[in-house]
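The values are calculated or read from the model by the stated rules, or taken from the named source; none is laboratory data. In this text, all values refer to a predicted model and were calculated from it rather than measured experimentally. Every residue, glycine among them, receives a Cβ derived from its backbone with ideal geometry; neighbour counts consider all protein chains shown.
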Amino acid sequence: MEKEPLLMLPGPVPMPERVRYAMMRQAINHRSAEFGAVYADCVRVLKTVFGTTNDLFVISGSGTAGMEAAVANFGRDKDIACLVNGKFGERLFKISQRYGKAHEIASEWGTPLNLAALEERLEQGVQVVTLVHNETSAGIRNPAQEVGRLARRYDALFVMDGITSIGGDVVEADKWDVDIAIVGSQKCLAAPAGLAALSVSTRAWERLSKNPPYYLDLAAYRKSAGGKPMETPYTPAVPLFLALREACLIIEEEGIANRIARHRKMANAVRAAAKAWGLSLYPKIDAKHAYSNTVTAISYPENIRDSEMRDIIKKMGIIIAGGQDHLKGKIFRIGSMGAVGAPEILATLAATQHALKKLGYKVQGDGIQAACEVLA
């Protein structure tokens, strides 16, 4: 029997059996008290994971749907400053162009954001700021707390894409003055793809667009969630909600602090291996920026072809990610998010070390041993 591949990507990630089995049951009425209890469990746990007491809703749609819901409901016809240092920052900028007057504040992928330029835009009256907290395209974690502080100082709304950090790294939406935070189900939550959750602050509700989208109308989500039983305004992806509820209960059992520590340790192990091999991490960080704790982006050495290396690893039953857009062939990325632990990390690093050697790269040291010292 062919074995399932091990997904060591920045999403989707391996799902625990409990999560998978939750989707196998018979359909339930999405206007019932049973579904309302499922939804309520998701919201209860996710508020803790987000670090918020604000309203929180789950929508049937990917993380990109969550991005669009945030911008369409709170950025329409407004000046929007979009901080960009990777693919998903670019995506928020492109979405913002459709709904408001968007200003891109761009840095090279994987390099620090230009916060001075952001402050200039805020001084000129920008009303909304967008940020990707954890930019998986380049493996860099951006200073959300600093951005939130700037946005609040100038009374702008702060939209934070936490799609690949919430549930796997420290996120404190309320303390960081985040008005709208977003997560995707198939990332650190280790649930199936197809759901997004958003938290919305009181001050954001005061600035809600008078011309919201129809399906992503967050006021409609607020009204339905306030009923008894708790509901969504339109038919939800019920099996995905059942799976998300199970994933949330697993997070609650592990404890968010323990979960964050586990993600950090796994990422540290990958970074230790890369260093032992003599390879460079792709991001260029400073005192305010950091390496991602949910994905590690590593620069290829000369004469190693991306397709060849990842194909060798794939034949060993493990799938890692390459670079996107102009970074194709220049970096490879190893995810450390969701339900993964030492066995998955060590298997991935062993396969990667083997592939590097097979393709002629002379590793400087034993990456597996370096990772073990972190994981021990």
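Summary of computed values
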quantity	calculated
Some residue of the range 261-280 being more than 25 Å from A138 (Cα to Cα) and modelled with pLDDT of 95 or more	no
Residues of the range 61-97 satisfying the condition of being out of contact with any strand residue (DSSP E or B) (no Cβ under 6 Å at 6 or more places or on another chain) and either without any contact (Cβ under 8 Å) to a residue 24 or more places away in the chain or assigned to a strand (DSSP E or B) (or both)	K94, Q97
Those residues of the range 79-131 which are farther than 27 Å from N211 by Cα and either touching a Cys at 6+ places or on another chain (Cβ under 8 Å) or among the small types (G, A, S) (or both), in sequence order	G86, A106, S107, G110, A116, A117
Verdict on A247 being closer than 20 Å to N134 by Cβ and surrounded by 24 or more Cβ atoms within 10 Å (Cβ to Cβ)	yes
In the range 229-239, the residues that are surrounded by 21 or more Cβ atoms within 10 Å (Cβ to Cβ) and either more than 15 Å from L56 (Cα to Cα) or not assigned by TED's automatic domain parsing to the domain that holds A191 (or both)	none
Inter-residue pairs, beta-carbon under 9 Å, first outside any loop (DSSP other than H, G, I, E, B) and in the range 3-32, second crowded, with 16+ Cβ neighbours inside 10 Å and among the charged types (D, E, K, R), 6+ apart	L6/E344; R18/E246; V19/E246; R20/E246; Y21/E246; A22/R245; A22/E246
Count of residues meeting criterion [closer than 20 Å to Q186 by Cβ, of a type outside the set (S, T, N, Q) and not in a helix (DSSP H, G or I)] in the range 227-259	2
Qualifying residue in the range 350-371 (condition: in contact with a Cys (Cβ under 8 Å, 6 or more places away or on another chain) and either assigned by TED's automatic domain parsing to the domain that holds I260 or among the β-branched types (V, I, T) (or both))	no
Residue in the range 180-190 that is within 26 Å of K265 (Cα to Cα), touching a Phe, Trp or Tyr at 6+ places or on another chain (Cβ under 8 Å) and either aromatic (F, W, Y) or outside the structural domain of K284 (by TED's automatic domain parsing) (or both) present	yes
Check on L208, in a helix (DSSP H, G or I), among the hydrophobic types (A, V, I, L, M, F, W, C) and touching a helix residue (DSSP H, G or I) at 6+ places or on another chain (Cβ under 8 Å)	no
Residue match in the range 128-139 (condition: surrounded by fewer than 21 Cβ atoms within 10 Å (Cβ to Cβ), more than 20 Å from T296 (Cβ to Cβ) and in contact with a strand residue (DSSP E or B) (Cβ under 9 Å, 6 or more places away or on another chain))	no
Sole residue being surrounded by fewer than 21 Cβ atoms within 10 Å (Cβ to Cβ) and of a type outside the set (D, E, K, R), chosen from G89, G61	G61
Residue count for the range 331-342, restricted to those that are closer than 15 Å to P5 by Cβ and assigned to a helix (DSSP H, G or I)	0
Residues of the range 163-185 that turn out to be under 18 Å from A69 (Cα atoms), part of a loop (DSSP other than H, G, I, E, B) and not acidic (D, E), as a count	5
Sole exception among (1) surrounded by fewer than 24 Cβ atoms within 10 Å (Cβ to Cβ); (2) touching a strand residue (DSSP E or B) at 6+ places or on another chain (Cβ under 8 Å); (3) of a type in the set (A, V, I, L, M) for V170, by number	(2)
Single residue of the range 291-302 satisfying the filter (out of contact with any Pro (no Cβ under 9 Å at 6 or more places or on another chain) and part of a strand (DSSP E or B)) that is surrounded by the most Cβ atoms within 10 Å (Cβ to Cβ)	T296
Residue that is nearest to the chain's Cα centre (by Cα), among those in the range 98-148 that are in a helix (DSSP H, G or I) and closer than 30 Å to R264 by Cβ	A144
Meets criteria (surrounded by fewer than 24 Cβ atoms within 10 Å (Cβ to Cβ) and either closer than 27 Å to R20 by Cα or modelled with pLDDT under 95 (or both)) for G226	no
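Here is a yes/no grid of residues against (1) more than 30 Å from R18 (Cα to Cα); (2) assigned to a helix (DSSP H, G or I):
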| site | (1), (2) |
| --- | --- |
| A261 | no, yes |
| R264 | no, yes |
| A273 | yes, yes |
| K284 | yes, no |
| I304 | yes, no |
| K314 | no, yes |
| H326 | yes, yes |
| A351 | no, yes |
| L356 | yes, yes |
